[in-house]
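J.: Take this structure first; my questions come after.
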Amino acid sequence: FSEKEIQKIRNQFPILKEKIYSNPLIYMDNAATTQKPLKVIQATQNYYSTMNSNIHRGLHYLSHKATLYVENVREKIKNFIHAKYSSEIIFTKGTTESINLVASSIDSFIKKGDEIIISCIEHHSNIVPWQVLCKKRGAILKIISIHENGFLKLKDFELFISEKTKIVSICHISNVLGIINPIKNIIKKAHEYGALVLIDGAQAPSNLNLDVQELNVDFYVFSAHKMYGPTGIGMLYGKKKILEKLYPYQFGGEMIKNVSFDKTTYSDLPFKFEAGTPNIEGIIVWGSAIDFVKEIGISNIQSYKKKLLIYAVKCLSSIDGIQLYGDNIDFSKKSGIISFNLYKLHCFDVGSILDRLGIAVRTGHLCAQPLMNFFKVSGMIRISFSIYNTFKEIDYLSESILKTKKILLKQ
Ligand code: PMP
């Protein structure tokens, strides 16, 4: 993209005109949530102005309209991730709920002594649900470790995988290191032993072209809000044959076929997993976010963010006292996320000064405490890019880190 093209994209994000303590906003916390383009903001208003209504159950015009829009988004997501059937797309609150749904619904298939494999770079939402399940069923949680550069120790995985493995649950892209895991090989190997694989794709949909059939993955999960969509909505993709076998996650309206006091039967997919009134607004608005991503093109977003990443790594590496994590790695295996520390300064101190200078970064354990323990730190500073970030912003970030250093080290 030329500077002019990026400016045109930036103009679609009203929040980027905000001033933070009189400085222009430089938003580099995109791995936490991305900003929303006008298309998405306007879609919210349009939903409430023209079709607000409860879906599926209604006979009337508005209910029918909202239902059509919701089901149209399900179809859009199916196409976006190249699933086979739209009934394989289950709407949830987001990545976290999707993982909890699988961990809870699969419960009765897990026996004492079974094994579940995750890795030490996982977000807490891909650790705790499995930990709880293992505790409940007497199963064993096996943790793949990493090399110093943050790359998964695939030897660990090969050592752990066996007929006892029931589930392997790994992130596609690490939210701390930005490393893209070799999930295709992991899925293939896990299937040789009859294990199911869940991929936590929270960081992937605005970075990589996704093809769940090509990956042959059993479950794939992500949230709308990290791909320019609203918060409180996300999805679980699951292979139809597997989802059909799983027990419902929550119970109530919408997910039943027939209710009597003797017996209740459940709806077919996807409704069996969608109890209660869903986030109708969120689903419909998410459709506009997908349109936005598709108009720019994932490959274009990906290659622009890669350029930002390479430039930022070059700039940051030249700063004395900066420690980058997961950087000694081929750029083709990394997305636009960089985590670092500055000397032994506390990440909150660094983050607070950057904030005063208008730069939004994330600081702390980044919901990945086991990974912090691996690197023997209590927290890190994370910058993460989106399509609206610029090379100039990276220059300003570098200058601001130098300023921060001066202030905190009283140089
Ligand atoms: N997994 C990863 C890798 C993430 O980056 C995140 C969000 N930071 C989550 C899971 C949880 O996503 P959500 O909060 O949208 O449920």
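J.: What angle do you read, to the nearest 10 degrees and between 0 and 90, between the alpha-carbon axis of helix 280-296 and the longest principal axis of the chain?
T.: Roughly 50 degrees between the two axes.
J.: Does the stretch 204-248 come out rounded, prolate or oblate by the C-alpha gyration tensor, with a ≥ b ≥ c the root eigenvalues, rounded set by a/c under 1.5 and, if not, prolate when a/b is larger than b/c and oblate if not? Could you put the intermediate results ahead of the total?
T.: Working: a/c = 4.52, a/b = 1.42, b/c = 3.19.
Judged from the Cα gyration tensor, the stretch 204-248 comes out oblate (a/c at least 1.5, b/c at or above a/b).
J.: Would you please give the FRET efficiency between Ser145 and Lys263, computed as 1/(1 + (r/R0)^6) with r the Cβ-Cβ distance and R0 = 51 Å, to the nearest 0.05?
T.: Calculated value: 0.60.
J.: Convex hull over the Cα atoms of the chain, averaged projected area in nm²? Walk me through the numbers before you get to the answer.
T.: Details: hull surface 85.0 nm².
Projected over every direction and averaged, the Cα hull of the chain covers 21.2 nm².
J.: Using the structure shown, select from Lys164/Lys189; Lys65/Lys272; Lys306/Lys376 the pairs with a Cα to Cα distance greater than 19 angstrom.
T.: Exceeds cut-off: Lys65/Lys272; Lys306/Lys376.
J.: Put His60, His225, His346 in order of accessible area, largest first, 1.4 Å probe: what do you get?
T.: Result, largest first: His60, His346, His225.
J.: In debye, nearest 20, what is the charge dipole magnitude of the chain about its Cα centre with +1 on Lys and Arg Cβ and -1 on Asp and Glu Cβ, if you could check? Don't jump to the answer; show the numbers that get you there.
T.: Values: 52 positive and 37 negative charges, 63 e Å.
Here the size comes out at about 300 debye.
J.: Turning to a different aspect of this structure: From the alpha carbon gyration tensor of the stretch 319-411, can you work out the equivalent ellipsoid semi-axes (sqrt of 5 times each eigenvalue) and give them in Å, largest to smallest? The partial results should precede the final answer.
T.: On the way: eigenvalues 77, 66, 31 Å².
The equivalent ellipsoid of the stretch 319-411 has semi-axes of 20, 18, 12 Å.
J.: Only Cα pairs under 8 Å and at least 6 apart count here; give the relative contact order of the stretch 7-156 as a rounded whole percent.
T.: Numbers: 126 pairs, mean separation 17.8, N = 150.
12 percent.
J.: Under the classification rounded if a/c is under 1.5, otherwise prolate if a/b is larger than b/c and oblate if not, where does the stretch 360-411 fall, given a ≥ b ≥ c as square roots of the Cα gyration tensor eigenvalues?
T.: It comes out oblate by the Cα gyration axes.
J.: With every protein chain kept in the model, how would you rank Ser400, Ser303 by accessible area, 1.4 Å probe, largest at the top?
T.: Numbers: Ser400 5, Ser303 60 Å².
The ordering from most to least exposed comes out as Ser303, Ser400.
J.: Going 7 Å from the Cα of Gln42 in the Cα-to-Cβ direction, what parts of the stretch 373-405 have a backbone nitrogen less than 17 Å from that spot?
T.: none
J.: Under a crude label model (7 Å from the Cα following the beta-carbon direction), how far is Asp107 from Asp349 in nanometres?
T.: For Asp107 paired with Asp349, the spin-label model returns 4.7 nm.
J.: For a quick check: with amide H placed at 1.01 Å from N, whose amide H comes under 5 Å from Gly178's, ignoring anything fewer than 5 positions away on the same chain?
T.: none
J.: For the stretch 84-123, what does the alpha-carbon gyration tensor say about shape, rounded, prolate or oblate, given a ≥ b ≥ c as the root eigenvalues, a/c under 1.5 as rounded, and a/b over b/c as prolate?
T.: Details: a/c = 2.19, a/b = 1.41, b/c = 1.55.
Oblate shape, in that a/c is at least 1.5 and b/c is the bigger or equal ratio.
J.: Would you mind checking the tilt of helix 95-105 against the longest principal axis of the Cα atoms of the chain, expressed as 0 to 90 degrees and rounded to 10?
T.: Approximately 40 degrees, to the nearest ten.
J.: Please work out how much accessible surface Asp349 shows to a 1.4 Å probe, ignoring ligands, DNA and RNA, in Å² rounded to 10.
T.: The value for Asp349 is about 80 Å².
The values are calculated or read from the model by the stated rules, or taken from the named source; none is laboratory data. Predicted model, so just to flag it, every value in this text is computed and none were measured. Because the Cβ atoms are built from the backbone with ideal geometry, glycine has one as well, and the counts that use them run over all protein chains shown. Side chains included, ligands, DNA and RNA excluded: accessible areas come from the protein's heavy atoms. Shrake-Rupley method; radii C 1.70, N 1.55, O 1.52, S 1.80 Å.
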